[in-house]
Amino acid sequence: MSNAITAYEITRIQYPRNRIIGDSQVRSNFHYKGILELRNSSGKVGVGFFESLFTPLPSQLELKRVFETEVFPGLEGQNPFSLVNKVSRPRGGNIRPNMFGHAVEQALWDLQGKSLNLPLYRLLGGKDNRVKTYASGLDYHLSDDELSAFFEEKARQGFTSFKVKVGNPELEWDIKRLNTVKKVVGDKAVLMADANEAWSPKEAIRRLHAYRQAGINLYWIEDPCLRDDFEGLQMIMQAVPWVHVNSGEYLDLKGKRRLMEHRAVDILNIHGHIGDSMKAGWLAAEHGIPISIGNTPHEIGVHLAAALPEVVGFEYSFLDYDRLIEQPVVIKDGYAIAPERPGHGLVFSEAARKEFTNAG
């Protein structure tokens, strides 16, 4: 079988972030990342990515032990074409977290695209590889001066849409932050805010009214209350019809389906799980709900954004991923450009392998 998976390599990486990132709940100042490379019998290599946001990954030896015993037996000798389309029903002990899940899927789609000599976005049905992108600071822990400098630079780079973290216990803090960004990006810019579930539905409504009274017009508010409080999200949508409610980021595919069935979202937020994201896109199309694509490893989600209908925003957060990839996704004049290279087009840099590999 010419496309059969024959081997793998896992590389553990650690390096400092270029700035502190986070929201009203969490903060992170270090990259803890893993690179998975699957090789097939034709010599092609598919690449996938996994990470831990707040604590170091297990040691390189432990990562390889777990992958060798729990994951690779289901991949070895298999054709990626079969695996990306496989339907399964996990039960019992098979329903548990797996840090390699997204990385394996990304590597399989990468191999499939390379075998067919197609870029991933075309393999998924897309035609246009240019995607409108918004600048996101993950900026809650930046000082006011740092916040201002960050978004002023992004406006100079050609971005016209911007997302700001809110959710401070003090309403005045939120308003000051939003006004700070509004001042540097201009009144014509599109402004969004992300609360990361900081509020109750009633508090969300109070704050959104206060923002508007302060002259701040938001295009969307992201995750204003708990992810599965569908009644609360509905209440917010009804009380502040001038703001779109963006949610779904923290929900699995089943949760996203329930969110849409409850009509508790204006814009569905999806992320980098390729198969589930395509399914969520199909469901969103059936419900007439547009989509936003949140942060994805090394901007691999640009392929989803280029393939799915009615994507109103693709998040770019300047996470210095470029240091790990030979040819990163191009971001220019407020657009992300899906690579025309076969597969997802992201190749792990050998220089980065030497510089950042950390066995733990």
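The values are calculated or read from the model by the stated rules, or taken from the named source; none is laboratory data. All values reported here derive from a predicted model rather than from experimental measurement. Note that each Cβ is placed from the backbone with ideal geometry, even for glycine, and that neighbours are counted across all protein chains shown.
Filtered by the rule that a residue be small (Gly, Ala, Ser) and either surrounded by fewer than 20 Cβ atoms within 10 Å (Cβ to Cβ) or touching a Cys at 6+ places or on another chain (Cβ under 6 Å) (or both), region 261-283 gives a lone residue, GLY275.
Within region 284-311, the only residue that satisfies the criterion of being surrounded by fewer than 17 Cβ atoms within 10 Å (Cβ to Cβ) and of a type in the set (A, V, I, L, M) is ALA285.
Listed here are the residues, each with its yes/no results for (1) out of contact with any strand residue (DSSP E or B) (no Cβ under 7 Å at 6 or more places or on another chain); (2) farther than 14 Å from SER200 by Cα; (3) surrounded by fewer than 20 Cβ atoms within 10 Å (Cβ to Cβ).
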{"residue": "GLU222", "(1), (2), (3)": "no, no, no"}
{"residue": "ASP228", "(1), (2), (3)": "yes, no, yes"}
{"residue": "LEU233", "(1), (2), (3)": "no, no, no"}
{"residue": "ILE236", "(1), (2), (3)": "no, no, no"}
{"residue": "PRO241", "(1), (2), (3)": "yes, yes, yes"}
{"residue": "SER247", "(1), (2), (3)": "no, yes, no"}
{"residue": "LEU253", "(1), (2), (3)": "yes, yes, yes"}
{"residue": "LEU259", "(1), (2), (3)": "no, yes, no"}
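Does HIS102 satisfy the condition of being within 30 Å of TYR335 (Cβ to Cβ) and assigned to a helix (DSSP H, G or I)? The answer is yes for HIS102.
Mind counting the residues in region 162-203 that are polar (S, T, N, Q) and over 27 Å from ASP228 (Cα atoms)?
Step one: of region 162-203, the residues polar (S, T, N, Q) are 168, 179-180, 196, 200.
Now drop any that are not over 27 Å from ASP228 (Cα atoms), which leaves 179-180.
Residues meeting the conditions: 2.
Take ASP228 and tell me if it is among the charged types (D, E, K, R) and at pLDDT below 95. It is false that ASP228 is among the charged types (D, E, K, R) and at pLDDT below 95.
Only one entry of GLY113, GLY158, GLY126 meets the criterion of being within 21 Å of HIS273 (Cα to Cα), at pLDDT 95 or above and in a loop (DSSP other than H, G, I, E, B), and that entry is GLY126. Regarding SER52, is this residue within 17 Å of LEU324 (Cα to Cα), surrounded by fewer than 19 Cβ atoms within 10 Å (Cβ to Cβ) and in contact with a strand residue (DSSP E or B) (Cβ under 8 Å, 6 or more places away or on another chain)? For SER52, the condition - within 17 Å of LEU324 (Cα to Cα), surrounded by fewer than 19 Cβ atoms within 10 Å (Cβ to Cβ) and in contact with a strand residue (DSSP E or B) (Cβ under 8 Å, 6 or more places away or on another chain) - is met.
Anything in region 127-139 that is closer than 20 Å to PHE151 by Cβ and either over 18 Å from the mean Cα position of the chain (by Cα) or basic (Lys, Arg) (or both)? List them, or say none. LYS132 - this is the single residue of region 127-139 that is closer than 20 Å to PHE151 by Cβ and either over 18 Å from the mean Cα position of the chain (by Cα) or basic (Lys, Arg) (or both).
Six or more apart or on different chains, Cβ under 6 Å: which pairs go from a residue in region 162-176 that's more than 16 Å from PHE150 (Cα to Cα) to one that's surrounded by fewer than 19 Cβ atoms within 10 Å (Cβ to Cβ) and at pLDDT 95 or above? Could you list them? Matching pairs, first to second residue: LEU171/ALA210; ASP174/ASN168; ILE175/ALA214.
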